[in-house]
Amino acid sequence: MILDGLVSVNGKTVRELGTKVDSTARVMVDGAIVRVRRKIYVVLNKPRGFICTKHDPEDRNIVGDLLPIEWAKALHPVGRLDCDSEGLLFLTNDGDLTLRLTHPRFGIHKQYRAVVVGRLSPGDLRPLTAGIEQEGETLRAERVRLVSSNNSHSVVELELGEGKNREVRRLFEAIGFEVERLQRTQIGRIKLGELPLGKYRILTEAEVKSLLRDAQ
């Protein structure tokens with residue numbers, strides 16, 4: 001569009017790719033004013049069986065199905081929860097915040113609650129914080145707490161730094177245990193709280209600012 005002469009800035013046609021503008025500039029494309037989109041920040045309690053993508057060629061359930069249609073088209077998931085996992089998921093149209101929450105260098109911690117098949121002891125959990133080498137990656141939880149344990153199941157809370165693909169499930173697989181249910185309960189300072197499964201809410205301005213402060 002720029003090379004075709006369709007873009008103007010402050011009334012002057014722009015033909016140089018990469019031209020920069022500031023927030024006060026009047027930008028037009030083919031005679032129509034370009035307006036800044038309102039930034040939207042949504043927290044969703046994702047149920048199992050939904051995938052974190054905007055479109056799916058296999059026509060499976062996607063997280064956008066749980067939002068108003070206008071948001072489903074405009075917002076993208078921040079990071080991922082696998083299909084069988086549930087819990088806290090952000091959706092936004094703010095690309096800068098998405099980068100800050102997903103790139104390892106910003107170090108945003110995430111907390112999970114895992115229901116594991118079988119009886120675990122505190123000793124079983126030590127390798128999770130020590131680090132486990134798997135497929136060329138180091139998997140490691142920052143903190144682990146055994147909430148309860150009986151002959152059939154154990155409940156474990158974990159805090160992760162980077163959050164590699166399926167990291168919690170892979171950590172338990174490495175020590176010989178299967179995760180039956182996995183729920184993300186917190187990202188940064190934002191907690192899932194009492195938000196019902198499958199429901200969403202708008203992040204407050206203070207919550208958004210807290211995420212930006214933590215991801216500096």
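Condition first: surrounded by 22 or more Cβ atoms within 10 Å (Cβ to Cβ) and closer than 17 Å to LYS191 by Cα. Can you find one or more residues in segment 46-67 that meet it? Within segment 46-67, one or more residues are surrounded by 22 or more Cβ atoms within 10 Å (Cβ to Cβ) and closer than 17 Å to LYS191 by Cα. Please count how many residues of segment 127-141 are under 21 Å from ARG181 (Cα atoms) and either out of contact with any strand residue (DSSP E or B) (no Cβ under 9 Å at 6 or more places or on another chain) or not β-branched (Val, Ile, Thr) (or both). The qualifying residues number 5.
One line per residue, one yes/no per condition, for (1) touching a Gly at 6+ places or on another chain (Cβ under 6 Å); (2) over 25 Å from ASP94 (Cα atoms); (3) among the charged types (D, E, K, R):
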position: ARG119; (1), (2), (3): no, yes, yes
position: GLY163; (1), (2), (3): no, no, no
position: PHE177; (1), (2), (3): yes, yes, no
position: PRO196; (1), (2), (3): no, no, no
position: ASP214; (1), (2), (3): yes, no, yes
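Comparison of GLY11, GLY79, GLY49 shows that the only residue that is at positive phi and modelled with pLDDT under 90 is GLY79. As for segment 102-111, it holds at least one residue that is closer than 20 Å to GLU180 by Cβ and surrounded by 15 or more Cβ atoms within 10 Å (Cβ to Cβ).
Find the residue count for segment 61-94, including only residues that are among the aliphatic types (A, V, I, L, M) and part of a strand (DSSP E or B). Total satisfying the criteria: 4. For segment 1-60, the tally of residues that are outside any loop (DSSP other than H, G, I, E, B) and touching a strand residue (DSSP E or B) at 6+ places or on another chain (Cβ under 9 Å) stands at 15. Of the candidates LEU158, LEU120, LEU146, the single residue that is surrounded by fewer than 18 Cβ atoms within 10 Å (Cβ to Cβ), among the aliphatic types (A, V, I, L, M) and either assigned by TED's automatic domain parsing to the domain that holds LEU75 or not in a helix (DSSP H, G or I) (or both) is LEU146.
With respect to (1) more than 30 Å from LEU195 (Cα to Cα); (2) modelled with pLDDT under 90, the lone exception for MET28 is condition (2). For segment 174-216, filtered to residues that are β-branched (Val, Ile, Thr) and part of a loop (DSSP other than H, G, I, E, B), the residue that is surrounded by the fewest Cβ atoms within 10 Å (Cβ to Cβ) is THR204. Of the residues in segment 122-135, none is on the phi < 0 side of the Ramachandran plot and in contact with a His (Cβ under 6 Å, 6 or more places away or on another chain).
The values are calculated or read from the model by the stated rules, or taken from the named source; none is laboratory data. From a predicted model like this one, the values you see are computed outputs, not experimental measurements. Using ideal geometry, Cβ is built from the backbone for each residue, glycine included, and neighbour counts are taken over all protein chains shown.
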